[in-house]
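These notes are about the structure you will find just below.
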Amino acid sequence: MLSAVQIKPDIYWVGAVDFNVRNFHGYHTYRGSTYNAYLIMDEKITLIDTVKAPFADELIDKISQIVDPAKIDYLVSNHVEMDHSGSIPAVMKVAPNATIITSGPQGLNGLKAHYGDGYNYQTVNTGDTLNIGKRTLTFVKTMMVHWPDNMVTYDAYDKILFSNDAFGQHYASNTRFDDDSDMDIVLEQAKKYYANIVLPYSKQAGKAVEACGGLDIDMIAPGHGIIWRSHIDKIMECYKEWTSTEPQGRALVVYDSMWHSTEAMAKTIVDAFTACGINTRLCDLKVDHISSIITEVMDAKYVAVGSPTLNMTCMPNVAAFLCYLKGLSPKKRIGLAFGSYGWAAKGPERVAEELAGIGYDMPFGTYTQQWVPTAEDLEALKLSVMDVVRQQEGLA
Ligand code: FEO
């Protein structure tokens, strides 16, 4: 963890492992994260990205294990977001003659806004190259995957794609490569990362993946998590599937409940989908974090959301989920709103408005239940949901 790791001859991982981060601007990073930076020892010594600011000393210490940091010639900043650029001031302090390579004009504007214009900057566009000795680096802008400034750096000599956020995972471990890590966990975290960071920019991400598909790659070195070298085809295949944003035919039922009436409705709706042969997951917002639930939305054709009425609107947990969903969800989904109430059905109504506002089809109407549902009420709900699902699935 405290040592630089050689990933190819003359190329080193010099990043930082953050085992303790649990909140990444709202994303529950329960497996921690890494901030990956890479040092290329060529005629021109080149650092690819930096790390989050609190880890600057670790970065500089690892670089110092290889070379005097003052000798760095180029600092390639693939992305302005501070988990990657936060240690630029620290690096530039020890390497004041380095030139920062960034995308123009978005990267340049972003870096100047964060760190001032007192550094040597050089902007690049897609297809521009930088010769650093044996190696020539090629830059490809990947705008809005997931910020306007994003770019990736390709090293044809080593066949490495330095992909920054793309293909990353919030996953802290003492392993650096896919083939010495637990692939089930890594792929789960890669999917969660995609859902929470890249999903709304899937169109742009699809184009970026297509562009990368034409490169001769035998290593993908992302800005977070493990480095891909043995399972490149697998992660590429996953990205092709995820960028398509096509649902996998499943159903997702998400709810919060006050006195179990909405919960009873949620469980009944799961029964209805199950009776129609639909693979369905139930998520209680009291126990499931919104950043985990959003991963389930990727596979869900049906997204059912339930809330009772609280203070003439929906429950706060549900409002937070709907807000997060609105920002991230693909539109090609079918919504279902439900919930219980005492004297005004404002909770489920608010849910219905929000789901329709995302752009979901709403063929179910809104299922509301005053006070506590009877067995007959729940049976009627089940039959109604089944009826609509059968129509949607062409089974009616
Ligand atoms: Fe990992 Fe967009 O920063």
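What does the accessible area of C212 come to, in Å² to the nearest 10, when a probe of 1.4 Å is used?
10
May I ask you to derive the relative contact order of the stretch 241-396, considering only C-alpha pairs under 8 Å and at least 6 residues apart, and to give it as an integer percent?
Numbers: 306 pairs, mean separation 40.2, N = 156.
Across the stretch 241-396, relative contact order equals 26 percent.
Between T99 and residues 5 or more places away or on another chain, which pairs have amide H atoms under 5 Å apart, with H built 1.01 Å from N, and which residues are they?
Under 5 Å from the amide H of T99: Y74, L75.
If you count only protein heavy atoms and use a 1.4 Å probe, how large is the accessible surface of R31, to the nearest 10 Å²?
90
If the chain were replaced by its equivalent ellipsoid, with semi-axes equal to the square roots of 5 times the Cα gyration tensor eigenvalues, what would those be, largest first, whole Å?
Numbers: eigenvalues 438, 79, 63 Å².
Semi-axis lengths for the chain are 47, 20, 18 Å.
Using all Cα-Cα distances in the stretch 250-390, what percent lands in each 5 angstrom bin from 0 up to the longest?
2, 11, 24, 26, 22, 12, 3, 0
Between K207 and K134, what FRET efficiency comes out of the Förster formula 1/(1 + (r/R0)^6) with R0 = 45 Å and r the beta carbon distance, rounded to 0.05? The partial results should precede the final answer.
Details: r = 30 Å, r/R0 = 0.68.
That gives a FRET efficiency of 0.90.
Taking the Cα-to-Cβ direction at L2 and at D180 and moving 7 Å from each Cα, how far apart do the two end points lie in nm?
1.8
So what J values fall out for the stretch 264-274 if you push phi through Karplus, 6.51 cos²θ - 1.76 cosθ + 1.60 with θ = phi - 60°, rounded to Hz, Gly and Pro as x?
Karplus values, whole Hz, x for Gly and Pro: 4, 5, 4, 5, 5, 5, 4, 4, 5, 4, 4.
Working from the pairwise distances between different alpha carbons, so that the mean of 1/r is found and then inverted, what is the stretch 50-136's Kirkwood radius in Å? Don't skip to the end; give the middle numbers.
Values: mean 1/r = 0.0753 Å⁻¹.
The Cα-based Kirkwood calculation yields 13.3 Å.
List the residues, sorted by chain then number, that are 5 or more residues from T34 or on another chain and whose placed amide H is less than 5 Å from its amide H.
Counting only residues 5 or more places away or on other chains, the set is D18, Y171, G225.
Return the FRET efficiency for the residue pair E241, H25: r is the Cβ-Cβ distance, R0 is 25 Å, and the value is rounded to the nearest 0.05.
The computed FRET efficiency comes out at 0.45.
Can you tell me the 0 to 90 degree angle between the C-alpha axis of helix 232-244 and the longest principal axis of the chain, rounded to 10?
Tilt relative to the chain: about 50 degrees.
Can you list residues from other chains, or at least 5 along the same chain, whose modelled amide H is less than 5 Å from the amide H of R281?
Distant-sequence amide H within range of R281: A251, L252, V253.
Who wins for biggest fluctuation among S202, S261, S307 in a Gaussian network model of the chain, springs between alpha carbons below 10 Å?
Among S202, S261, S307, the largest GNM mean-square fluctuation belongs to S261.
Can you tell me the relative contact order of the stretch 1-110? Whole percent, Cα pairs under 8 Å, sequence separation 6 or more. Intermediate results must be reported in sequence, preceding the final value.
Details: 213 pairs, mean separation 24.6, N = 110.
With pairs under 8 Å counted, the relative contact order is 22 percent.
Stretch D361-R281 to full length: gain in nm at 0.36 nm per residue minus the Cα-Cα span?
On the way: separation 80, 0.36 × 80 = 28.80 nm, distance 1.97 nm.
Taking 0.36 nm per residue and subtracting the Cα distance, the gain is 26.8 nm.
So if I place +1 on the C-beta of Lys and Arg and -1 on the C-beta of Asp and Glu, and nothing else carries charge, what would the dipole magnitude of the chain be about its Cα centre? I want it in debye, nearest 20. Before the final figure, lay out each step's value.
Details: 34 positive and 47 negative charges, 108 e Å.
That gives a dipole near 520 debye.
Pairs K71/K159; K267/K331; K71/K112; K159/K191; K207/K332; K8/K159: which exceed 21 Å Cα-Cα?
Values: K71/K159 25 Å; K267/K331 25 Å; K71/K112 23 Å; K159/K191 24 Å; K207/K332 19 Å; K8/K159 10 Å.
In this structure, K71/K159; K267/K331; K71/K112; K159/K191 exceed 21 Å between Cα atoms.
Only bridges with both residues in the chain count here: give the DSSP antiparallel percent, nearest 5.
Working: 27 of 65 bridges.
The antiparallel proportion sits near 40 percent.
What does the charge dipole of the stretch 171-287 about its Cα centre add up to, to the nearest 20 debye, if the Cβ of each Lys and Arg holds +1 and the Cβ of each Asp and Glu holds -1? Don't skip to the answer; put the middle values down first.
Details: 12 positive and 17 negative charges, 81 e Å.
It works out to roughly 400 debye.
So how do H79, H260 rank on accessible area, 1.4 Å probe, biggest first, that is with the largest at the start?
Values: H79 0, H260 115 Å².
Greatest to least solvent exposure: H260, H79.
Could you give the dipole magnitude of the stretch 291-350 about its Cα centre, charging the beta-carbon of Lys and Arg +1 and that of Asp and Glu -1, in debye to the nearest 20? All intermediate terms of the calculation are to be shown ahead of the outcome.
Numbers: 7 positive and 3 negative charges, 46 e Å.
Rounded to the nearest 20 debye, it is 220 debye.
As a test of reading the structure, rank V94, V124 by solvent-accessible area (1.4 Å probe, protein chains only), most first. Kindly include the intermediate steps, with their values, before the conclusion.
Values: V94 55, V124 5 Å².
So, going from the largest accessible area down, we get V94, V124.
Give me the Å³ per residue figure for the convex hull around the C-alpha atoms of the stretch 151-277. Walk me through the numbers before you get to the answer.
Details: hull volume 17.9 nm³, N = 127.
Convex hull of Cα atoms, per residue: 141 Å³.
Solvent-accessible area of K326, probe 1.4 Å, all protein chains present, reported in Å² to the nearest ten, please.
110
Once neighbouring chains are kept in place and the probe is 1.4 Å, which whole percent of the accessible area of the chain is contributed by carbon and sulfur?
Whole-percent figure for carbon plus sulfur exposure: 50.
When ligands, DNA and RNA are left out and all protein chains stay put, how many square angstrom of accessible area per residue does the stretch 267-396 have with a 1.4 Å probe?
Numbers: 5810 Å² over 130 residues.
Counting only protein heavy atoms, the per-residue value for the stretch 267-396 is 45 Å².
With both partners inside the stretch 27-171, how many of the DSSP beta bridges are antiparallel, as a percent to the nearest 5? All intermediate terms of the calculation are to be shown ahead of the outcome.
Working: 14 of 25 bridges.
Of those bridges, close to 55 percent are antiparallel.
The values are calculated or read from the model by the stated rules, or taken from the named source; none is laboratory data. Treat the numbers as computed from the prediction; the structure is a model and nothing was measured. Don't worry about glycine lacking a Cβ; one is built from the backbone with ideal geometry, like all the others, and counts go over all protein chains shown. Note: areas computed on protein heavy atoms with side chains; ligands, DNA, RNA excluded. Shrake-Rupley method; radii C 1.70, N 1.55, O 1.52, S 1.80 Å.
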